[in-house]
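The values are calculated or read from the model by the stated rules, or taken from the named source; none is laboratory data. Keep in mind that this is a model prediction, so the values were computed, not measured. Because the Cβ atoms are built from the backbone with ideal geometry, glycine has one as well, and the counts that use them run over all protein chains shown. Side chains are part of the model used for accessible areas, which takes the heavy atoms of the whole protein and leaves out ligands, DNA and RNA. Shrake-Rupley method; radii C 1.70, N 1.55, O 1.52, S 1.80 Å.
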4 protein chains.
Amino acid sequence: MEFLLLYTRQTQVCAVTNDNEDVQLSLVQLDNYGPWTVTPSPRRETDLQSLQAHLYADFADFVGREDGYAFFDRFDNIIGVTNGIDRRTHERFQEHVRNRYPVTASIGIGAAPTPVAALGRATEQLQDAGSAQDPNRTEILAADGTVAPGEGEVTIAHFDIVDVTGTYTDSEHAARTTLDVRRATLELAEYMQTEHDSIARFVGGDNIIAVCPHLSEDCFDEARDAVRERADIELQVGVGRGLTAHDAGYRAKLALEECRENGHRVHQITTQVATD
Amino acid sequence: MEFLLLYTRQTQVCAVTNDNEDVQLSLVQLDNYGPWTVTPSPRRETDLQSLQAHLYADFADFVGREDGYAFFDRFDNIIGVTNGIDRRTHERFQEHVRNRYPVTASIGIGAAPTPVAALGRATEQLQDAGSAQDPNRTEILAADGTVAPGEGEVTIAHFDIVDVTGTYTDSEHAARTTLDVRRATLELAEYMQTEHDSIARFVGGDNIIAVCPHLSEDCFDEARDAVRERADIELQVGVGRGLTAHDAGYRAKLALEECRENGHRVHQITTQVATD
Amino acid sequence: MEFLLLYTRQTQVCAVTNDNEDVQLSLVQLDNYGPWTVTPSPRRETDLQSLQAHLYADFADFVGREDGYAFFDRFDNIIGVTNGIDRRTHERFQEHVRNRYPVTASIGIGAAPTPVAALGRATEQLQDAGSAQDPNRTEILAADGTVAPGEGEVTIAHFDIVDVTGTYTDSEHAARTTLDVRRATLELAEYMQTEHDSIARFVGGDNIIAVCPHLSEDCFDEARDAVRERADIELQVGVGRGLTAHDAGYRAKLALEECRENGHRVHQITTQVATD
Amino acid sequence: MEFLLLYTRQTQVCAVTNDNEDVQLSLVQLDNYGPWTVTPSPRRETDLQSLQAHLYADFADFVGREDGYAFFDRFDNIIGVTNGIDRRTHERFQEHVRNRYPVTASIGIGAAPTPVAALGRATEQLQDAGSAQDPNRTEILAADGTVAPGEGEVTIAHFDIVDVTGTYTDSEHAARTTLDVRRATLELAEYMQTEHDSIARFVGGDNIIAVCPHLSEDCFDEARDAVRERADIELQVGVGRGLTAHDAGYRAKLALEECRENGHRVHQITTQVATD
């Protein structure tokens, strides 16, 4: 195990542990979806919203069944954190979509030391198979190697806004609250993607979940600083590690509860599983 | 009918028609949802994702049935454009949630000349009824007057990114594409909210839908300029008006198809219904 | 109004009120569904079960929204009691199916003085439009006249088995319980269809719901006798009348609660709405 | 391996192979569901139909994911054929129900040489844990041993009615067709349960699926005879065997296709896996 010292500020040190463990991400892409939504004429928007939400919920159920995580992302592109979920399960999801929906789905699966690299591999494999709007590119499953259960650990950071109900929901215009939550999400996602090769996404309410490499607590404090500076919003964050997104994320949720109760701004629950 | 001249830039004129017609927006708020998600211990994230997506899909189906529109917004707060949808239908949705989900929902309904003002009224009425995390504030339906069918017209603007498949989906890293779409969405939403009292939200893929007052085509061109300047992304937009969000939105979709085919950047399909 | 005296047994008199009021039933038929399930090869049975159940649930939501009732019937043929639900709502359901499912649906709507006659008209209209397995017969909506709200009253009878939990669920083999419930359902459905032109269907648990013409309480007592004789099962029944299936059915449920509490075997809650 | 000669009629011989292999069935029972449906007042019937159908679809998806089969049975009691599906997956389903529905579910799992015996064990274990309407009996998971993948083979027989579209759907009253299909189902289910310790259930359209011990083709011919005699309906049947319900059922579907094409009335596709 080696430590990469990124930089110090006062006494804080954001340390990235390069433990050579891979994380696995999946990119579900609806086949030729854009053209379908307007053929033969534009389809009713609320039916499309219903279709997309159901399909996303089904994917969340699929990966959740095996302790993965899901992000709705752009709905026609859905992201899964799928450590330990094999090729066959992804095929079953494709079969399920084909049998239950008027559209089909292609999937790229990538494994790499960081979430962004893993999603990059998933993306490239799909792109190599043809355009998302090529009618002949249908139900591709492109997987260049998968992370078996027990191999790689994953870090989940679960952020929310300090006292969102008092500060926003119960006092601000709903439209203002939403844009502020969105800006906090976007600035956090940009920061985590650029600085730490991490994927952060909005998951409802004022919650943002990031899947990350092995970072120290100080890295998350610096991410909070970045969001405060760019969006003037105060986040708190619980962090957990585990062999699956659910294991890591459950610890992150417990850690965030700790923040809510004790006023901490960053809390990490270390895993029982040794990482070196 | 009176015209408010906002400002001119070169030969463009963004004109807002103040036709004293109201638009109706609904704000669905899950009751005491945050605490529920961690009681007695944090619930599995994918189950929450599935719950939120299904509940949103059901709301989209509900308002879509009567030609409304729905935005997932923050999932625990969902927005509906509900011109002509009465109190009883909203009550039926609350009954449906109570009978089908482990949570309940409160709803505020507001009618006003602009979408932001309408959503503001919806918000205030909910806030007046108690905190979103007050366990005793349950299944409130706060409606200070509703827009009957045939009364107010609504404007829908349907934006997307010019050549998103070629420029992004088929060539960029999926994580990059998503953040760029999100930034375009956020800057557009901020601009439309601040400048035109409009609500713009992401609806999947590269699509952003705005519900607006009665604006001229030039206003949308200026909105495109704003997004190009702030986020360096080129949008195109179809605009429609009608007595319901679906009628207006369907025309907006047709107009956007016109943009895609003919290279226009703004296209408006005027309604057959007289507005004065 | 005229009374038809059917027969007497001891002091009981089963009276049918011929009030010339129509009831409306809808028959939803999936287009060319059988062939689809095995094309290009047999589809996974659980996916078909999931598809059928979701589509039925959506139909139940659709008609329930306007106070109708739904029976799953054979899943590829679904029955609705749709008094007051117009052609446009049925079209919206067809649009919803087209946009959300890999199959499409045709619908026949029939109005007649009895449920069997109404369903017969719905059936004939679909049959006249072509075979259910004709690939060219798609999304037919065949409606020869619909019952507007406020015109015809409907009678709902809600049956269940006396003490099913004690007698069956908690003491019998689950397979035995199911077959006994099924036999009670079938004998009741045959009796009600043959004797009273009524449609009775299983709706879950030990509940059977019948949509009927205007029958007196004694008719239901005789139906209970018939089931006791043919299947050796003791039913109780609540009966209600109303302008919609939901209004009638809600009263029937209240009446059945009355049976459960007070040991009655037939209880009817008369409607406040005058019927002559 | 031993053969039990049941009886002969002309030259037919129905042989049951007693191969001492277990089949696993699961009984999902909603906790205290009946009282919930009328508390505090009777809930809207279509909402209950929607709830039951969604919950059943979710169970079908759950077991289908691991190649099991599901029968809706009585909706508040749902049956799964769950060879190779372990305790943890059943727990995940219970967690899913708790997080997504306003009700909870208990499950009994039984393994035995015949389906009826397996379901009997599942039933007994639930009954031993308390009444289905005991408010304190919640989320029981009672499993006395489970069938691991690769251990026991299962036989699936997939029946349907010969030329149902021509004979019924396109020519008969829909109400008549349904009752005839129901009678065929009931008589088949009674026969298979009594004679062969098998569970047969309606799965939509004119399809009936039976999970059976290892029976010879002649047994199915005799079952067809029984239904013809009791209900005057002509069935055909495809039979398959495999390590999971899906494997067996897929072969049964292929075999039934063979019947449809070649006019056979019973066709069996034998598994590649040796059974002795």
Which Cys residues of the protein assembly as shown have no other Cys Cβ less than 4.7 Å away and so no disulfide-compatible partner by this rule?
A:Cys212, A:Cys259, B:Cys212, B:Cys259, C:Cys212, C:Cys259, D:Cys212, D:Cys259
For segment A:23-143, report the translational diffusion coefficient in µm²/s to the nearest whole number, using Stokes-Einstein at 20 °C, 1.002 mPa s, and a Kirkwood Rh over Cα pairs.
150 µm²/s
Out of all Cα-Cα pairs in segment D:224-266, roughly what percent, to the nearest whole number, are more than 17 Å apart?
41 percent
B:Pro113 neighbourhood, Cβ < 9 Å, K/R = +1, D/E = -1, net charge -4
Pseudo-label separations to other copies for B:Gly150 - Cα-to-Cβ vector, 7 Å, nm
1.4, 7.1, 7.2
Other chains' Cβ within 10 Å of D:203-212 residues: what's the mean?
5
Give the Cα extents of segment C:103-191 along the principal axes, in whole Å, largest first.
50, 37, 22
Inter-label distance, nm, simple model (7 Å from Cα along the C-beta direction), D:Asn20/A:Arg228:
7.1 nm
Taking every other residue with Cβ under 15 Å from the Cβ of B:Glu261 and scoring Lys and Arg +1, Asp and Glu -1, one gets -1
FRET efficiency, D:Glu258 to A:Glu95 (Cβ-Cβ, R0 30 Å, nearest 0.05)
0.85
Diagonalise the Cα gyration tensor of the protein assembly as shown and give the resulting equivalent ellipsoid semi-axes, square root of 5 times each eigenvalue, largest first, whole Å.
49, 37, 27
Using a cut-off of 12 Å between beta-carbons, work out the net charge of the residues near D:Gly68 (Lys and Arg +1, Asp and Glu -1, D:Gly68 not included).
-4
Spherically averaged projected area in nm², based on the convex hull that wraps the Cα atoms of segment C:57-127
4.6 nm²
Net dipole in debye of segment A:108-232 [+1 Lys, Arg Cβ; -1 Asp, Glu Cβ; about Cα centre; nearest 20]
440 debye
When Cβ neighbours within 10 Å are restricted to other protein chains, what is their mean count per residue of peptide A:231-241?
0
With chain C treated as a Gaussian network of Cα nodes joined by springs under 10 Å, which of C:Ile209, C:Ile78, C:Ile233 yields the largest mean-square fluctuation?
C:Ile233
If you roll a 1.4 Å probe over the heavy atoms of the protein chains, what accessible area per residue do you get for segment A:154-269, in Å²?
28 Å²
Sort shortest first the distances from C:Gly166 to its counterpart in every other copy, using label points 7 Å along the Cα-to-beta-carbon line, and give them in nm.
5.4, 5.5, 7.7
Antiparallel as a % of all DSSP beta bridges within the protein assembly as shown, to the nearest 5?
85 percent
Can you give the mean number of other chain Cβ atoms that lie within 10 Å of the Cβ atoms in peptide D:89-100?
4
Of all DSSP beta bridges with both partners in segment A:162-276, the antiparallel percent, nearest 5, is 55 percent
One computes Rg over Rh for segment D:11-75 from alpha-carbon atoms, with the Kirkwood Rh, and obtains 1.20
So the angle from the long Cα axis of helix D:245-262 to the longest Cα principal axis of chain D, reported in degrees to the nearest 10, equals 40 degrees
Nearest-20 debye value, the protein assembly as shown charge dipole, Cβ charges on Lys, Arg, Asp, Glu
0 debye
Okay, helix-only estimate at 222 nm for the protein assembly as shown: each DSSP H run of n ≥ 4 adds -39500 (n - 2.57), divide by all residues, round to 500 deg cm²/dmol; what do you get?
-13000 deg cm²/dmol
Quick one: pull the percentage of alpha-carbon pairs in chain B with a separation above 33 Å.
24 percent
Place +1 on the Cβ of every Lys and Arg and -1 on the Cβ of every Asp and Glu in chain A, take the dipole about the Cα centre, and give the residue among A:Gly242, A:Thr104, A:Ala174 whose Cα lies farthest towards its positive end.
A:Thr104
The Cα radius of gyration of segment A:165-276, divided by 2.2 N^0.38 Å with N its residue count, comes to 1.07
